[in-house]
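The values are calculated or read from the model by the stated rules, or taken from the named source; none is laboratory data. Values in this document were obtained by computation on a predicted structure and should not be read as measured data. Heads up, the Cβs are rebuilt from the backbone with ideal geometry, glycines too, and the neighbour counts pull from every protein chain shown. Protein only, heavy atoms only, side chains kept; ligands, DNA and RNA dropped before computing areas. Shrake-Rupley method; radii C 1.70, N 1.55, O 1.52, S 1.80 Å.
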Amino acid sequence: MFKNPTELPAWKALEAHYQKIQNQHLRDLFAQDPTRGERLTAEADGLFLDYSKNRLTDETLKLLLDLAREAGVAEHREKMFSGERINTTENRAVLHTALRAPGDAEVLVDGENVVPEVHAVLDRMAAFSDRVRSGEWLGYTGKRIRTVVNIGIGGSDLGPVMAYEALRAYSDRNITCKFVSNVDGTDFAEAVHGLNPEETLFVVSSKTFTTIETLTNAHTAREWLLKGLKDEAAVAKHFVAVSTNAGEVSKFGIDTNNMFGFWDWVGGRYSMDSAIGLSLMIAIGPDNFRDMLAGFHAMDRHFRTAPLQSNLPVLMGLIGVWYNNFFGAESVAILPYDQYLARFSAYLQQLDMESNGKYVRFDGQVVNYQTGPIVWGQPGTNGQHAFYQLIHQGTKLIPADFIGFAQSLNPSGRHHDLLMANFFAQTEALAFGKTSDEVAAEGISGSLVQHKTFEGNRPTNTLIAQKLTPFVLGQLIALYEHKVFVQGVIWDINSFDQWGVELGKVLANRITPELEAAGMPELKHDSSTNHLIRLYRQLR
Ligand code: F6P
């Protein structure tokens, strides 16, 4: 059942094929086939993918699809959707797809249909959100809630904050959401600066409710609230919790009637469409939230049913493997041409890097091939004036995903056409470059010709939808979730655990008392860590 992908026939065929086509230029591939730009495209419910500007031929695609088949992508996909415990190191099912299943669907976990529970929580969230939005839910002194502060970190922060930014145009502007994640006290201090506790609601979001950053911030928030309102009874009106851990929530002092639950089969970085999205739902309202879930579900359906060769997550996953494992690309840039998606690449960093940043295969063997890439990026056009130089003329191959929309949510004069002109121009320039002959024909001579030459052949995917709506955002997130899944299957790694973040947590817990001790404690670390701790104690 376990397999080393490099031993699969398709992998070996791809290695040989790579030797043949590694230097083929996109200029030639496009010249050989005038229909390439229309042919190498796919669509899922109004979300369009153009993957023609990738360094691949029909033969490459065929071999990549063979790889998907030999690696068992379709079988693993079914295991995930049907609730098998594919997160083997934590013995858990992986069912974020159940979070957006329609009410009449059936998804069984240990023989029990979880969809009714999912919808019961969604209904409670909707009722609560409506009460806050309408002003029916009041603070302790009878004032309306004006600011919602989500306290959470990692998957309990990055999703809500990204989606709040992304869907701001759909939000009630009478309510502002803030997000506190860092244990650095500055984060909390700046978030509540100028806020009135009487009008502030804290949503403490933590799957485990044991995360030190979140609990520390939640305790500080409580002190801040009580300093203003001077009555313990106020906590019930100003704190709600989102968690799978009712015991810890009540230990903290939040009434479990004000708790919104989810389940251990939802991974933290796959949880923004669970109750973890409560702050988002308060901001955009239940209807928009449900539209977003419909977008997620549409992509789930597409991933589950579309043939592999026209399946967006499969294609993007395979193309990523092609660059990662055959061209030796180390990173992927995510470049949305929409200011509302400013936090999208930060969100995808956790989704992708915490999922596929693993060097151990399912069977415990260490891999002898590359796994998850470094994910990075920021919106265009800003990035063009920062790091695109390296993508165009640097020595590293950086495959990039360009994401754009036909309509702006803030139409204003020429802005959108200028934005999109840059969007198209960049992928064109990256693919086709500018030859030295073209530069010379402009009257340039000497070594300047080389400086002004763009070799091109830099691969990109282009994703386009009509407009950034809650539905489209849901589609986009699910697209990347499933892309990460496809790659995890091919690399034979568990994309759903995150043991790699544990060691740092354990060591921090060991060091904290050494920083807090009154006198200098005996330090038993390496000489560098000992020295740094002493220095810190001296300087503070
Ligand atoms: O960073 C590790 C991690 O466990 C993430 O996977 C998770 O999203 C984050 O910490 C926060 O965890 P919790 O929601 O339990 O506070």
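Could you run the Karplus curve 6.51 cos²θ - 1.76 cosθ + 1.60 with θ = phi - 60° over the range 265-279 and give me ³J(HN,Hα) per residue in whole Hz, x for Gly and Pro?
8, 10, x, x, 7, 10, 10, 5, 9, 9, 4, 4, x, 4, 4
At Glu190 and Leu390, where each label point lies 7 Å from the Cα along Cα→Cβ, what is the point-to-point distance in nanometres?
Roughly 2.3 nm, to one decimal.
How much of Trp499 can a 1.4 Å solvent probe reach, expressed as accessible area in Å² and rounded to 10?
Only protein atoms counted, so the area is about 140 Å².
At Ser412 and Ser82, where each label point lies 7 Å from the Cα along Cα→Cβ, what is the point-to-point distance in nanometres?
If labels sit at Ser412 and Ser82, their model points lie 5.3 nm apart.
What is the list of residues in the range 155-178 whose amide nitrogen lies under 13 Å from a point 7 angstrom out from the Cα of Asp255, following Cα to Cβ?
Within reach of a label on Asp255, which here means backbone N under 13 Å from a point 7 Å along Cα→Cβ, the range 155-178 contributes nothing.
With +1 assigned to the C-beta of every Lys and Arg and -1 to the C-beta of every Asp and Glu, and no other charges, what is the dipole magnitude of the chain about the Cα centre in debye, to the nearest 20?
Numbers: 50 positive and 63 negative charges, 177 e Å.
Using Cβ point charges on Lys, Arg, Asp and Glu, the chain gives about 860 debye.
To one decimal place, what orientation-averaged projected area in nm² is obtained for the convex hull of the Cα set of the chain?
Values: hull surface 119.6 nm².
Average of the hull's projected areas for the chain equals 29.9 nm².
Between Gln22 and Gln466, what FRET efficiency follows from the Cβ-Cβ distance if R0 is 45 Å, with the result rounded to 0.05?
Working: r = 37 Å, r/R0 = 0.82.
So, using R0 = 45 Å, E works out to roughly 0.75.
Probe 1.4 Å, all protein chains in place: accessible area of Arg85 in Å², nearest 10?
That residue has around 100 Å² of solvent-accessible surface.
Would you please give the FRET efficiency between Arg146 and Asn382, computed as 1/(1 + (r/R0)^6) with r the Cβ-Cβ distance and R0 = 25 Å, to the nearest 0.05? Intermediate values should be presented prior to the final figure.
Working: r = 31 Å, r/R0 = 1.23.
Once rounded, the FRET efficiency stands at 0.25.
Between Glu516 and Lys230, what is the FRET efficiency for a Förster distance of 22 Å, r being their Cβ-Cβ separation, to the nearest 0.05? Let's see the in-between values first.
Working: r = 29 Å, r/R0 = 1.30.
Once rounded, the FRET efficiency stands at 0.15.
At Glu502 and Thr210, where each label point lies 7 Å from the Cα along Cα→Cβ, what is the point-to-point distance in nanometres?
1.0
What are the ³J(HN,Hα) values, in whole Hz, obtained from phi via the Karplus relation 6.51 cos²θ - 1.76 cosθ + 1.60 with θ = phi - 60°, for each residue of the range 474-482 in sequence order, with x given for Gly and Pro?
Values per residue, Gly and Pro as x: x, 4, 4, 5, 5, 4, 6, 4, 6 Hz.
Order these peptides, 86-93, 343-350, by their mean beta-carbon neighbour count within 10 angstrom, highest first.
On the way: 86-93: 16.1, 343-350: 21.6.
Packing proxy ranking, top to bottom: 343-350, 86-93.
Do you know the relative contact order of the chain, to the nearest whole percent, from alpha carbon pairs under 8 angstrom that are 6+ apart?
Values: 901 pairs, mean separation 101.7, N = 540.
Taking the mean separation of contacting Cα pairs over the length of the chain, I get 19 percent.
Pairs to check: Lys178/Lys251; Lys251/Lys483; Lys237/Lys483; Lys79/Lys251. Give those whose C-alpha atoms are more than 32 Å from each other in this structure. It would help to have the intermediate numbers written out before the result.
On the way: Lys178/Lys251 25 Å; Lys251/Lys483 39 Å; Lys237/Lys483 41 Å; Lys79/Lys251 37 Å.
Too far apart for the 32 Å limit: Lys251/Lys483; Lys237/Lys483; Lys79/Lys251.
Tell me the carbon and sulfur percent of the accessible area for the chain, rounded to whole percent, probe radius 1.4 Å.
Values: 11910 of 23230 Å².
Using a 1.4 Å probe with all protein chains present, the chain comes out at 51 percent carbon and sulfur.
Sort Asp157, Asp187 by accessible area with a 1.4 Å probe, largest first. If you can, show how the numbers build up before the last one.
On the way: Asp157 10, Asp187 40 Å².
Sorted by accessible area, descending: Asp187, Asp157.
How much accessible area does His193 have with a 1.4 Å probe, in Å² rounded to the nearest 10?
Accessible area, nearest 10 Å²: 140 Å².
Per residue, how many Å² of accessible area does the chain show with a 1.4 Å probe? List each step's numbers first, then the result.
Working: 23230 Å² over 540 residues.
That works out to 43 Å² for each residue.
Given the rule -39500 (n - 2.57) for each run of at least 4 DSSP H residues, summed and divided by the residues of the chain, what is its mean residue ellipticity at 222 nm, to the nearest 500 deg cm²/dmol? Walk me through the numbers before you get to the answer.
Details: 22 runs with 240 residues, N = 540.
Mean residue ellipticity, 222 nm, calculated: -13500 deg cm²/dmol.
Could you work out how far the C-alpha centroid of the range 461-540 sits from that of the range 259-337, in angstrom?
Here the two parts' Cα centres lie 20 Å apart.
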